[in-house]
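Engineer: Below is the structure I would like to discuss, written out as structure tokens.
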Amino acid sequence: MKRARFHVVVTAGPTREWLDPVRYLSNASSGRMGFAIAAEAARRGMAVTLIAGPVGLATPAGVTRVDVESAREMLAALRAAFGRADALFMAAAVADWRPARRRAGKWRAKDGGSARASIELVRNPDLVATVARSKGARKVVAFALETGSGLRRARAKLRAKNADFVVLNDATVLNSERATVTILSVDGSVRRLERRAKRAVAHSLVDLVDPRRVPRA
Ligand code: CTP
């Protein structure tokens, strides 16, 4: 019998949390890192499901794309895809918070008549921690964006999210062509890639899970 293709799930881009029919909370993620990972995995002949938040990027050749907006939609798509996956790259910049309610009509400044307003937020689920709880033999690669030196916090995320690797980015990665990343492994090893093109970073990251490349201990 033919062996099933290695299946990679990649999440990419921001999520969008609507306040009313015309406004939302989001972030500056371009989605480029996740799309580069998806393209690299497909180039190697892997089956790729790319779960994308709202981004203006073309779907890489050979990739199955699922478009989502909110964190909860992304979780539903992730749950549906993770069961068949051998590896997950959680590159999406998921909103930690969403408005407690989405107004049916437009929120008008005149409604309150005051100079101040506040928005009540509720916590979104941690998507990668939720699915990685029962990951079995699947490899899970999470990402961390830290301002300042975030090694200690990134190491804590490795455990909290039950990930095999955490890819630590600094904030200069947002909307930039190049990235400096530090790859932390659950085995304690740390590797730094300095100012590489995102395509080159994607190559090193897919190597982390590629069954033809992993034997390096
Ligand atoms: N992530 C997730 N679900 C969330 C928030 C983040 O799955 N609700 C994932 C991201 O896709 C990324 C990793 O968790 O792979 C790290 O996200 P980050 O925002 O850096 O960390 P947080 O866990 O949100 O912690 P903090 O904001 O306190 O740094």
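The values are calculated or read from the model by the stated rules, or taken from the named source; none is laboratory data. A quick note: this is a predicted structure, and the numbers were derived from the prediction, not measured. Here the Cβ positions follow ideal geometry from the backbone for every residue, glycine too, while neighbour counts run over all protein chains shown.
Engineer: Report, by residue number, each residue of the range 1-30 that is surrounded by 24 or more Cβ atoms within 10 Å (Cβ to Cβ) and either free of Cβ contacts under 8 Å to residues at least 12 places away in the same chain or closer than 16 Å to V141 by Cα (or both).
Structural biologist: Those that are surrounded by 24 or more Cβ atoms within 10 Å (Cβ to Cβ) and either free of Cβ contacts under 8 Å to residues at least 12 places away in the same chain or closer than 16 Å to V141 by Cα (or both): V8, V9, V10, T11, A12, G13.
Engineer: Additional query: Of all residues in the range 61-103, count the ones that are among the hydrophobic types (A, V, I, L, M, F, W, C), touching a residue at least 24 places away in the same chain (Cβ under 8 Å) and either within 16 Å of L19 (Cα to Cα) or not in a helix (DSSP H, G or I) (or both).
Structural biologist: Counting residues in the range 61-103 that are among the hydrophobic types (A, V, I, L, M, F, W, C), touching a residue at least 24 places away in the same chain (Cβ under 8 Å) and either within 16 Å of L19 (Cα to Cα) or not in a helix (DSSP H, G or I) (or both) gives 14.
Engineer: Something else now. Please tell me if R133 is under 26 Å from R79 (Cα atoms) and either crowded, with 17+ Cβ neighbours inside 10 Å or in contact (Cβ under 8 Å) with a residue 60 or more places away in the chain (or both).
Structural biologist: Judged against the criteria, R133 is not a match.
Engineer: Of all the residues that make up the range 156-165, how many are charged (D, E, K, R) and out of contact with any strand residue (DSSP E or B) (no Cβ under 6 Å at 6 or more places or on another chain)?
Structural biologist: 1
Engineer: Residues in the range 51-64 that are in contact with a Ser or Thr (Cβ under 7 Å, 6 or more places away or on another chain), of a type in the set (A, V, I, L, M) and buried (at least 21 other Cβ atoms within 10 Å of the Cβ): how many?
Structural biologist: Adding up the residues that qualify gives 1.
Engineer: Determine which single condition A163 fails, assuming it passes every other condition in (1) touching a Leu at 6+ places or on another chain (Cβ under 7 Å); (2) within 9 Å of the ligand (Cβ to nearest atom).
Structural biologist: Tallying (1) touching a Leu at 6+ places or on another chain (Cβ under 7 Å); (2) within 9 Å of the ligand (Cβ to nearest atom), A163 fails exactly one: (1).
Engineer: Let me ask something additional. Of everything in the range 65-96, what is near the ligand (Cβ under 9 Å from one of its atoms) and not small (G, A, S)? Give them in sequence order.
Structural biologist: Of everything in the range 65-96, those that are near the ligand (Cβ under 9 Å from one of its atoms) and not small (G, A, S) turn out to be M74, L75, L78, F89, M90, V94, D96.
Engineer: For the range 1-49, which positions are under 19 Å from A80 (Cβ atoms) and away from the ligand (no atom under 14 Å from the Cβ)?
Structural biologist: Correct list: A4, R5, F6, H7, V8, A38, A41, M46, A47, V48, T49.
Engineer: Shifting gears a bit: Within the range 6-25, how many residues turn out to be closer than 23 Å to V63 by Cβ and of a type outside the set (V, I, T)?
Structural biologist: 6
Engineer: Would you pick out the residues in the range 14-40 that are among the β-branched types (V, I, T) and assigned to a helix (DSSP H, G or I)?
Structural biologist: Across the range 14-40, the qualifying residue is only I37.
Engineer: Looking at the range 175-203, I want the residues that are over 14 Å from M33 (Cα atoms) and surrounded by fewer than 15 Cβ atoms within 10 Å (Cβ to Cβ) and have a partner that is β-branched (V, I, T) and at pLDDT below 95 with Cβ atoms under 7 Å, at least 6 apart or on another chain. Which pairs are those?
Structural biologist: V190/T182; R192/T182; E194/T180
Engineer: Go through A61, A100, A77 for me and flag whichever is over 28 Å from S134 (Cα atoms) and either touching a strand residue (DSSP E or B) at 6+ places or on another chain (Cβ under 9 Å) or hydroxyl-bearing (S, T, Y) (or both).
Structural biologist: A100
Engineer: Also, quick follow-up: Just the residues that are out of contact with any His (no Cβ under 9 Å at 6 or more places or on another chain) and surrounded by fewer than 23 Cβ atoms within 10 Å (Cβ to Cβ), please, taken from the range 40-50.
Structural biologist: Passing the criteria: A42, R43, R44, G45.
Engineer: May I pose another question? Provide a single number: the residues in the range 113-159 that are within 14 Å of the ligand (Cβ to nearest atom) and either touching a Cys at 6+ places or on another chain (Cβ under 6 Å) or hydroxyl-bearing (S, T, Y) (or both).
Structural biologist: 3
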